[in-house]
Structure formats: C-alpha cells, structure tokens
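The values are calculated or read from the model by the stated rules, or taken from the named source; none is laboratory data. Fair warning: this is a prediction, and the values are worked out from it, not measured in the lab. Heads up, the Cβs are rebuilt from the backbone with ideal geometry, glycines too, and the neighbour counts pull from every protein chain shown. Ligands, DNA and RNA are excluded from the accessible area calculation, which covers all protein heavy atoms including side chains. Shrake-Rupley method; radii C 1.70, N 1.55, O 1.52, S 1.80 Å.
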Amino acid sequence: MTSLLDNLNPEQLAAVTLPPQPALILAGAGSGKTRVLTTRIAWLISTGQTTPHGLLAVTFTNKAAREMLARLSAMLPINTRGMWIGTFHGLCNRLLRAHYRDAGLPETFQILDSADQLAAIKRLLKALNVDDEKYPPRDLQHFINGNKEAGVRADAAEAWDDWTRKKVALYAEYERQCQKEGVVDFAELLLRAYELLTRNEPLRAHYQSRFRHILVDEFQDTNRLQYLWLKLLAGHGGAEPAAVFAVGDDDQSIYAFRGADVGNMRDFEREFAVKSVIRLEQNYRSHGNILDAANAIIANNSRRLGKNLWTEAGAGEPIRLYEALTDMDEARWIVEEIQSLIRDGAARSDIALLYRSNAQSRVLEHQLFSTGIPYRVYGGLRFFERQEIKHALAYLRLIANADDDTAFARVVNFPTRGIGARSLELLADSARTYNTSLYATVPHLAGRPAASLAVFVRLIEDMRQATRDLPLPEVIDHVLEHSGLRAHYRAEREGEERLANLDELLNAGANFISEAEDPTLTGFLAHASLEAGEHQADAGQEAIQLMTVHAAKGLEFDAVFLTGVEEGLFPHENSIQETDGLEEERRLMYVAVTRARKRLYLTLAQSRMLHGQTRYSLKSRFIDEIPPQLIKWLTPRQAAARYYEPSQESAHRTPPRASSVPSRDLGGFRIGQLVRHAKFGEGVIVSAEGSGGDAKVQINFGGAHGIKWLMLAMAKLEAA
DNA sequence: CTGGTACCAATTTTT
DNA sequence: TTGGTACCAG
C-alpha cells in the first residue's frame, strides 16, 4: 500500500492524498501530472474511500484515457473495464446510450464527426435555398458549435440583427434536421447529456450519489459546457457535492481557438471555494537551461496563476540558435545537424522537428527525403476519416439507422448507380414535404428516378436482412462485398491501398468486438466517430518525428528543433489581431520549449517561400525573451547580419533569386534589407514600388507595427 | 456523370 | 506554391 506513494515528491504526495474536497492541481510541464492523477485514483480505491464504480475521470483524448487505464491496471489488481474513465464525449455517449429514451434519441442514434456535420449543414442550406455566399457553411458550423458549447440552444440564442437572426433560425432548422435523422454532432453529445441530467431529477440524483470523486485532466482545455457539465454532475451547491480533483496548467492552454476557456480554472477556484491549490513545479524532463528559458518566456504573460519550473538535473547544454538565409538553408542545416546527432548515437525517434503551421513541413520533408533519413509526419488524415472508410461506414450506418440522411447522401450514388443530382433534388424536396428522411421518402416517389432509388433502398434492406445475426466482422465483410465498394476499388487504377484499408476495417471490427464493452454495430459506429484513429501511433518507430507544436503537447524528445521562429510565423501574424492572441502564442512557445529533454534548437530563416512568394522576416520576439546567456548562436554574428547588405562579407554570396527581383533605384536600399526607422524601429524591406523620388517601400516591422508602406523619400531609413 | 479548368484562400485541431 | 472547391463541356 505505501509502495503506491513511494517516490512521490512532497507536492505530488500532498495532491494524491488530499481529503475529499475540491482541489486544483497546477501541474507544470513534465511534473508528473498523469502519475499524480492515476496514483490519486489508486490511492482512493486502495484506502477504501471509493470503489472503481464510484469515481469518474475525464480526459480530452482517447490516448490520455487509455494511458490512465493502463497505468491504473498496473498499480491495482482491479478490472478497469466498466469504470467511468474516458473522454468527455465518450462518457456522454455512454450516458446517452444508457438513457436514450429519456434523452429523446433513437436507440441507434449516430454520431456525426465534423466533416459529416459540415455535409449536413450544406444539405440543409441547399434544401432551404439559402445563399451560401452570405451564410458560408463553415461559418454556420462554427456558429452552431459555439452556441452549443456555451450551452445555448437555438431558442435561447440572442440576435441583435437580421443576419444573426437568420443564423439562429438556421441553427434551429439544423437541430430539427438532426433530430429527425436521429444523429448528434460532437457538441450535441455534451449538450444533450447536460440537458438530460438537468431535466431528469432522479437520474441526476443517481449519478450524483454514485460519483463521489470526479477527476479532470487538462482542465485548462475545458470549454464552458464541459465546465457546466462537471458542475452539475458534481452536485455543486447541493448538500453533498462530489470531490472534484482538477489537474491542469494555465500556461499550456493553447486551444482557445476551439472554445477552451482558461477562465474555467479561476471560476472553479472561486465557485467551488477551492482551498487546496497545489503547484507541481519540479520538472523531471528537461535540463535547467531549457526550463530557465521556458520560465523567462512565459513570465511575459499577464493573468497567470503563477508557477516556476525547476529541476534537480543540471543546467545542461545551452539553447542553440541558428539563423539561416532561406527556408531551404534552414532545412539543409537541420538535416546535417540531425545526421551528426545520429552519428553520436541518438535514436531517430528521440528527435523532433516542430513547426507552428503544417505548411512548413514540406521543405523539411523534402530535405529529409533526399538525404534518405526516415521520418514520420503527424497530422494527416486518420484511418476513420479516409474516403473509402467513410463510405463503408455510411453503408453500415444506413443499416443501423436508415434515417441518417448524411450517410444516405454519401453513398446513394457511390459506387455510381445512375442516381444524379436531379433525382436527389426531387427526393429532397419530397422529403421536406412529407417531413421524412430521404430513405423513408423513396417509396413516396414516382417516375423513373424512383426506380433506381428503390433499387438502392432494396439493396440496403437486403443487406440489413442478410447481416441481422452475423458477428460484426462478417457484417462488415458482407457490406463491403454487396455494396459494390470492393468491386469499385478493384477496378480503380490506384485502388490497392483503399482495398487494403477496407480489409483493415475488418480487423478494426474484429478488434472492437474482442475489447469493447458494447460489441454491437452501433457501438462500433460510435467508436469510429469518437476515435477516428491515432495521430500519434507508431511512436516507437525509428524515424524523425515531424509535427506542429500543438500536436507535440504532452510529448517529449531528447532533441527538439523548433523551426521558423520568426515574427509573423511564430507568433503567427493572425494572432496579433486576436484578443489575447499573443499570449496564447507565447504559451504555445512555452509548450514547444518544454518538449525538449536535453537539447533545444531554435532555427529561423531570413527569407522563406510562403504562398508562392518570398517573405522576409525578423527573428521572433520570443527569442528576445530568452536570457541571452542561455543561448549559443551557431550562426556567426556577422552572418546573422543580413546577406543582402552591401558589405564585403556578403559580396561573394549569391543572393537567392536576385535575378527575379526587379532592379529599382531605391536609394541604395534593397528588398530584404534590414533597416531602421526612427519611429517603428527595425524592419525588413519586403517589397517596393516605383523608383527614384517616387519609390515606396513595404517594410515588415514585426508584430508591434506590422507591415507598412512608406515613401522612401520621407521615411529617413538607415541601414540597421 | 466524368474530367478539365478557373478561381480562391492560405494557423493551430480533439471529439 | 498548393490544395480544395465550384462550375462547365463532353
């Protein structure tokens, strides 16, 4: 029993053994957060304070939930199956399945992923003849999800102008459509579960008395609705509220753009009158210099809950900084450095290349590829998002729930069976008149298109009959064969991979029934929506790891190359306009830096190809926020000066694409040159117009002043 | 219904 | 530059 608590540091121990009361654990990067969370659960159970049945633990990703379960089984000889440990969406799905009638849903309700939701919205706009220029489907999707995540239904949504009123009306129409089809989107899972518990007193009382302990991971990433859901489930304000154990790090909140609200941490502290705030600041991951840099960067943010990382490990190596001329040079240099790291015995999978935006990966990939270094890029399409898989799932969904119009529309003519846009329009109109689903409307239709539609409906009916009593993998196999999907991809020139993926779907089905708690077709379909597949699989593979900084959250590597550390890129130029955008970028920088265990490289390029044109940028302000003594410049100081400066040093260098820049009389200045302006400070000349006395130059001064056009004659520039 | 082409926009993303 | 989408001809 005590062995459970061995090797915890004092703060971790304090957190794990807190009495049952609201607690907020501020867990810094690499401070053993998951360990504290799982040990807390194990401790609660092994000391008899609760049973596996009496607690609920919630995470954001399936990966985190799985890891928690795995660690828990290693700590305690209990069967974790059936425990309420999972993602917000997974747990809400479970709740809604168990009480589908009370929630007003069909037993086999389907879950729309984001792409399905968008398709459903487009279909709705078409059916209602709405101008999708004025109401872009994407905006509407954002509007609907934003409202749902704030806990606001269409009938409660406020509108001050016609445009918003129309959006609210469309939101209401969308709700109706989903209800009719028996489908729920991701946000709906949460909102529906929340409303179920709000309205159904006995049910609420049941779960409130059952879950006496609620543990929340990554609390800083919760949105408003998730917070309300937790508050409700905890019985906050009641006589015997559950003990909510919230773990998070406000400095690692990087998902505000998708609704995460760090404010929930403060609200939690206040509303739950949290007495125990525990800071986990001892870091077990990185060397001192890296932590010092991270601390220094994040100290520039205001409104922090406050935290400073430290380590017992030594200072370690300095942070290496390399400034290249172009993005290609940057990539070339990185790859050379990687080769030398590998020569020195580094494992490829312990080296990561991080970037702010996905577009940056191309150059890096190109260089790695041509050098023959194995690499892996994270963040592409996931298994259940592939076209052929979505098609197969659509057939399965129709078998489970024929009213699912999104699934219907997806495969009614795939493989092609002569059902064109005309017929579908006709069908959709009819469906509107009868207020039935597309599928159910088919028998009402007359004429030629009706015949081919009827054949399709017949096909689905036959498949449903034939698979009624088959085990899941055989159901899938039957559908693949009889839908014509296999034949279609067999005939396609490059269909081999798709065929292989379809076979993989069979395996997924087989795995599912051997492991799942709900081994039904409906269960499998929910699984496919909620767990689209691993972005972060094959971590053990011997390859260099490439990913965005966002995707790297939670991971760690011996050596990290953070690339493109430039104004405009990181911090991203768009973020400057957003409220608190810069602070979120800084948190992102903090996350990036704290991924490194031993060695951190920051790299940047003076010019970079972006959107088909060359862009010139300055080094990121975040570099200036790192104490200079922690940094080792790998670029000689004079080389860090701009190559296009008319100095002897750079005279022998070939300015890239010099010939493509039209030569103009810019009074001795050149495009790309670093200059100083009396008021705006340092900047790079990005482009120019006119020449001689009329010459105007566009200068990128970085975030504070941005990009400006100036009359050369007036600006009194000097070379910096 | 397929294939071509013209146009546009272009962070970050889990469920 | 790239990728996605939207529209038109065959």
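Here are a few things to note about the model shown:
- Exceeding the 22 Å Cα-Cα cut-off - candidates A:166/A:390; A:180/A:231; A:148/A:180: A:166/A:390; A:180/A:231
- Between helix A:201-210 and chain A: long-axis angle, C-alpha atoms, 0 to 90°, nearest 10: 60 degrees
- Under 5 Å from the amide H of residue A:243 lie the amide H atoms of A:213, A:214, each residue being 5 or more positions distant or on a separate chain, with H modelled from the backbone and absent for Pro and chain starts.
- Placing +1 on the Cβ of every Lys and Arg and -1 on the Cβ of every Asp and Glu, with no other charges, gives chain A a dipole of roughly 520 debye about its Cα centre.
- Think of it as helices only: each DSSP H run of n ≥ 4 in chain A is worth -39500 (n - 2.57), and spread over all residues that comes to -13500 deg cm²/dmol at 222 nm.
- Residues in the stretch A:174-197 that a label on residue A:139 would reach, taking backbone N under 18 Å of a point 7 Å out along Cα→Cβ: A:174
- Using all pairs of distinct alpha-carbon atoms, the Kirkwood hydrodynamic radius of the stretch A:23-65 works out to 11.7 angstrom.
- Base-10 log of normalised Debye intensity for the stretch A:50-191 (one unit scatterer per alpha-carbon) at q = 0.13 Å⁻¹: -0.67
- Taken along the Cα-to-beta-carbon direction at a fixed 7 Å, the label points for residue A:114 and residue A:434 span 3.6 nm.
- Length added when fully stretched, residue A:708-residue A:504, from 0.36 nm per residue minus Cα-Cα: 68.1 nm
- Over the stretch A:19-174, accessible surface divided per residue gives 43 Å², non-protein components excluded, 1.4 Å probe.
- Note on residue A:198 and residue A:611: the model spin-label points, each 7 Å out from Cα along the C-beta direction, lie 4.1 nm apart.
- Cβ-Cβ FRET estimate between residue A:452 and residue A:98, R0 fixed at 56 Å, reported to 0.05: 0.90
- Spatial separation of Cα centroids for the stretch A:1-71 and the stretch A:430-466, in angstrom: 53 Å
- In sequence order, calculated HN-Hα J values of the stretch A:617-633 (Karplus, 6.51, -1.76, 1.60; Hz; x Gly/Pro): 9, 9, 5, 4, 4, 5, 5, 5, 7, 8, x, x, 5, 8, 9, 10, 6
- For the stretch A:193-222 versus the stretch A:375-393, the inter-centroid distance based on Cα atoms is 33 Å.
- Each of the peptides A:573-579, A:69-75, A:19-25 was scored by the mean count of other Cβ atoms within 10 Å over its residues; in descending order, highest first, they stand as A:19-25, A:69-75, A:573-579.
- Cubic angstrom per residue, convex hull over Cα atoms of the stretch A:398-477: 89 Å³
- Modelled label positions at residue A:362 and residue A:270, each set 7 Å beyond Cα in the direction of Cβ, lie 4.7 nm from each other.
- Förster radius 60 Å - calculated FRET efficiency between residue A:47 and residue A:122, Cβ distance, rounded to 0.05: 0.65
- Comparing A:70, A:37, A:17 along the charge dipole axis of the stretch A:1-108, the residue lying farthest to the positive side is A:70, per the Cβ-charge model.
- Residue A:7-residue A:303 FRET efficiency (beta carbon distance; Förster radius 41 Å; 0.05 resolution): 0.75
- 3J(HN,Hα) along the stretch A:370-380, derived from phi through the Karplus expression 6.51 cos²θ - 1.76 cosθ + 1.60 where θ = phi - 60°, amounts to 6, 8, x, 9, x, 9, 9, 9, 9, x, x Hz, with x in place of Gly and Pro.
- Extension reserve of the residue A:343-residue A:494 stretch, reckoned as 0.36 nm per residue once the Cα distance is removed: 50.5 nm
- Degrees between helix A:448-467 axis and first principal axis of chain A (Cα, 0 to 90, nearest 10): 80 degrees
- Amide H partners (placed H, <5 Å) of residue A:615, local residues excluded: A:608, A:609, A:610
- Computed from Cα atoms, the angle from the helix A:88-98 axis to the main principal axis of chain A rounds to 0 degrees.
- Residue by residue, the stretch A:182-199 carries 3J(HN,Hα) couplings of x, 10, 10, 8, 4, 5, 5, 3, 5, 5, 4, 5, 5, 5, 4, 6, 5, 8 Hz when phi is fed to the Karplus relation 6.51 cos²θ - 1.76 cosθ + 1.60 (θ = phi - 60°); x denotes Gly or Pro.
- Compactness check for chain A: Cα Rg over 2.2 N^0.38 Å is 1.07.
- Extension gain for the segment residue A:720 to residue A:555, taken as residue separation times 0.36 nm less the Cα-Cα distance, is 55.4 nm to one decimal.
- Long-range HN-HN contacts of residue A:566 with modeled amide H, under 5 Å: A:620
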